[in-house]
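The structure under discussion appears below in the form of structure tokens.
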Amino acid sequence: MDSRSAAHVLSEIADLLELRAENRFKTRAYRGAAKAVLGLDTDDLTPMLRSGQLAKVKGVGSATIAVITDLVENGESRYLEQLRMNVPDGLLEMMRVPGLSPEKVQQIHDTLGVASIDDLEVAARDGRLAKVKGFGERTVERLVDAIAFKRRTHALVLFPRAHADAALLLSSVRRHPDVTSAEVAGTVRRRCEAVRDIDIVAAVRADPNSVAASFARVPGVGDASVAGGSASLRYVDGTMLDLYCVPEDDFAVAFWRATGNTTHVTQMTSLLAAVGFTLDGDTVRDARGERVPLPTEAALYALADLAYIPPELREGEGELTAATGTLPRLVTAGDIRGVLHCHSTYSDGHATIADMAEAARARGWTYLGISDHSQSAFYAGGLRPDDVARQHDEIDALNATLTDFTVLKGIEADILGSGQLDYDDATLDRFDFVIGSVHSRFRMTESEMTTRILTALDDPRLTILGHPTGRLLLVREPYPVDMVAVIEKAADVGIAMELNADPHRLDLEWRHCRRAKALGVPIEIGPDAHSTIGLDVVSIGVDMARKGWLEADDILNARSAADILAFAKARRTNGRAAPMNIRRAAETDPDADIPF
């Protein structure tokens, strides 16, 4: 029994337990065990099970061992089959519709006999669902939208999961005796927010088609198709792998081809043709038809007299034109000097301010901004004015004990429906910086939402506009808002905008980051951390900033704590923040390729 198949069984058990409203700790235990088992990345769990080593793996308990023992000895889990007996398959899929809790799914099934997403949509449209207790016409309308959204996104997974899956699959590919090297390509390498399938390119010393075909027989593969040295594999848990096996001499070109999107590859092919080179599959030939040896991707770009283009930029968005001159020096994780969007136990965070500060310091940063929720966010334990005073006293006391590190006093203030910031002006003036975010009334019209946000940007106490479009990837669409107008207003008033690094948000999205950069709007990469571990998502934010062509000078928190304070103070005092050496691409190059 391979680890992927076992993890899939454990995950399905967790889903069924959740649907039956079992103890949440039991459900969580099975999910944790599935993650732990998947991380073992082995084609056969039997030796670890027999030796007792599996039982020592963190997250694997006695119940999990019983399930895996059943899988090893019988090829199936009797516990899973027992859970499945009275649960139609479609109910699990219904659980994945945004806004439908397991309890609601069970209620709909019990009341209407609905057992699939298709049945659910019919019941929503013919009026039956609106008559179920707890549902009304507006709720049903939102549910119909959610079903459509689910259908558009059902095959996608968020970047962190795809990245983790890619690492496991890459390890498996590299273990093949005929594979001499292999790398992850495609949307994972380009750092796309959501990924449909994983692309891996492998250099092989045997017949490429034979090597590719051998992967179709790997344990855990559900469906497979093999042709021309490529294998498209679907694993039992739904993970999709496109594997390209090529001779060693063709690896660089194949790696490049499998990385860039269709537009990038087509444009590059045309540029090569213009200087006398032809792409023949994964081989480049000169005007005489002779094969051109290319050991690296950089050598391929050099044929067209181009600089090496980082993978994140290969989207056909003007990167080839930029590579004839000067490409941006993309921001790196090492450029980040601190973080500002962090929550503590004062609101809905799970760590104290001291713990968050220590974790930030351990990551090499020199400051941490605490920005708990404001009072209107009562559902998240938003701070009342007396909580603010108490928190500031605690921060002052903590700073008195720290050297070479500073905790800044911030707040994530709700942008109310009127566009006003939560708290009165006197309270807002007590913070070192203010992040303003929309957390309610998402169903405003575009005109109403745009006016709401533009009104907030007029408040000189606002330092940073938080997660500006409100999207939750694969869960919720952005609220309707004119982002061109918002970014232009941010440039006019000198406010920063957030690239929220939570992998469910990644908001601003990278195309908006390019517009902000062009107009000189500073970007703050904020983890929106609710725990010490949550600080680690900054690296994902940096990936997205790179995809948005951002450099260190474009990033607010690539500056010192003193610079942050000066930025906020200047905005509060003058109604406009101090310049931060942000280059205005639109001014220096009026014909620059700027998105939308």
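Taking segment 1-85 and the helices (runs of 4 or more DSSP H) fully enclosed by it, the elements with 1 or more residues that are crowded, with 16+ Cβ neighbours inside 10 Å, in contact with a Ser or Thr (Cβ under 8 Å, 6 or more places away or on another chain) and not assigned by TED's automatic domain parsing to the domain that holds ALA164 are at 3-19, 24-38, 46-51, 62-74.
Within segment 288-299, identify whether any single residue is in contact with a helix residue (DSSP H, G or I) (Cβ under 9 Å, 6 or more places away or on another chain), basic (Lys, Arg) and in a loop (DSSP other than H, G, I, E, B), and answer yes or no. No, because not a single residue in segment 288-299 is in contact with a helix residue (DSSP H, G or I) (Cβ under 9 Å, 6 or more places away or on another chain), basic (Lys, Arg) and in a loop (DSSP other than H, G, I, E, B). Taking the stated definitions as given, is GLY349 under 22 Å from the mean Cα position of the chain (by Cα) and not assigned by TED's automatic domain parsing to the domain that holds ASN500? Taking the combined requirement at face value, the residue does not satisfy it.
Of the numbered criteria (1) out of contact with any Gly (no Cβ under 8 Å at 6 or more places or on another chain); (2) not assigned by TED's automatic domain parsing to the domain that holds ALA501, the one ASP250 fails is (1). How many residues are within 33 Å of the chain's Cα centre (by Cα) and surrounded by fewer than 23 Cβ atoms within 10 Å (Cβ to Cβ) when one looks only at segment 422-431? Residues in segment 422-431 being within 33 Å of the chain's Cα centre (by Cα) and surrounded by fewer than 23 Cβ atoms within 10 Å (Cβ to Cβ): 1 in total. Checking each residue in segment 301-310 for being farther than 24 Å from ASP543 by Cα and in contact (Cβ under 8 Å) with a residue 24 or more places away in the chain picks out LEU303, ALA304, ASP305. The single condition from (1) assigned to a helix (DSSP H, G or I); (2) crowded, with 17+ Cβ neighbours inside 10 Å; (3) among the aliphatic types (A, V, I, L, M) that LEU306 fails is (1).
Within the bounds of segment 164-172, is there any residue that is touching a helix residue (DSSP H, G or I) at 6+ places or on another chain (Cβ under 9 Å), assigned by TED's automatic domain parsing to the domain that holds LEU243, not in a loop (DSSP other than H, G, I, E, B) and not aliphatic (A, V, I, L, M)? Looking through segment 164-172, at least one residue is touching a helix residue (DSSP H, G or I) at 6+ places or on another chain (Cβ under 9 Å), assigned by TED's automatic domain parsing to the domain that holds LEU243, not in a loop (DSSP other than H, G, I, E, B) and not aliphatic (A, V, I, L, M).
Of all the residues in segment 266-281, those that are under 22 Å from GLY229 (Cβ atoms), at pLDDT 95 or above and within 33 Å of the chain's Cα centre (by Cα) number 3.
For segment 227-259, a tally of residues being aliphatic (A, V, I, L, M), within 27 Å of ARG285 (Cα to Cα) and in contact with a helix residue (DSSP H, G or I) (Cβ under 9 Å, 6 or more places away or on another chain) returns 7.
Given the structure, is LEU474 within 27 Å of ILE309 (Cβ to Cβ) and hydrophobic (A, V, I, L, M, F, W, C)? No; evaluated as a whole, the condition is false for this residue.
When MET483 is tested against (1) within 30 Å of ARG96 (Cβ to Cβ); (2) in contact with a Pro (Cβ under 6 Å, 6 or more places away or on another chain); (3) among the hydrophobic types (A, V, I, L, M, F, W, C), just one condition goes unmet, and that condition is (2).
Is there a residue in segment 434-445 that is surrounded by fewer than 17 Cβ atoms within 10 Å (Cβ to Cβ), among the hydrophobic types (A, V, I, L, M, F, W, C), at negative phi and not in a helix (DSSP H, G or I)? Scanning segment 434-445 turns up at least one residue that is surrounded by fewer than 17 Cβ atoms within 10 Å (Cβ to Cβ), among the hydrophobic types (A, V, I, L, M, F, W, C), at negative phi and not in a helix (DSSP H, G or I). Listed by position, the helices (runs of 4 or more DSSP H) inside segment 94-162 whose residues that are in contact (Cβ under 8 Å) with a residue 60 or more places away in the chain number at least 2 are 102-112, 137-153. Put simply, of ALA124, ALA130 the only residue that is closer than 16 Å to PHE149 by Cα, modelled with pLDDT of 90 or more and not aromatic (Phe, Trp, Tyr) is ALA124. Just to be sure, is ARG196 touching a strand residue (DSSP E or B) at 6+ places or on another chain (Cβ under 9 Å) and farther than 24 Å from ALA307 by Cα? Considered against the rule, which asks whether it is touching a strand residue (DSSP E or B) at 6+ places or on another chain (Cβ under 9 Å) and farther than 24 Å from ALA307 by Cα, ARG196 comes out as yes.
The values are calculated or read from the model by the stated rules, or taken from the named source; none is laboratory data. This one's a predicted model, so the numbers in the text were calculated from it and none came from an experiment. Glycine gets a Cβ as well: all are built from the backbone with ideal geometry, and neighbour counts include every protein chain shown.
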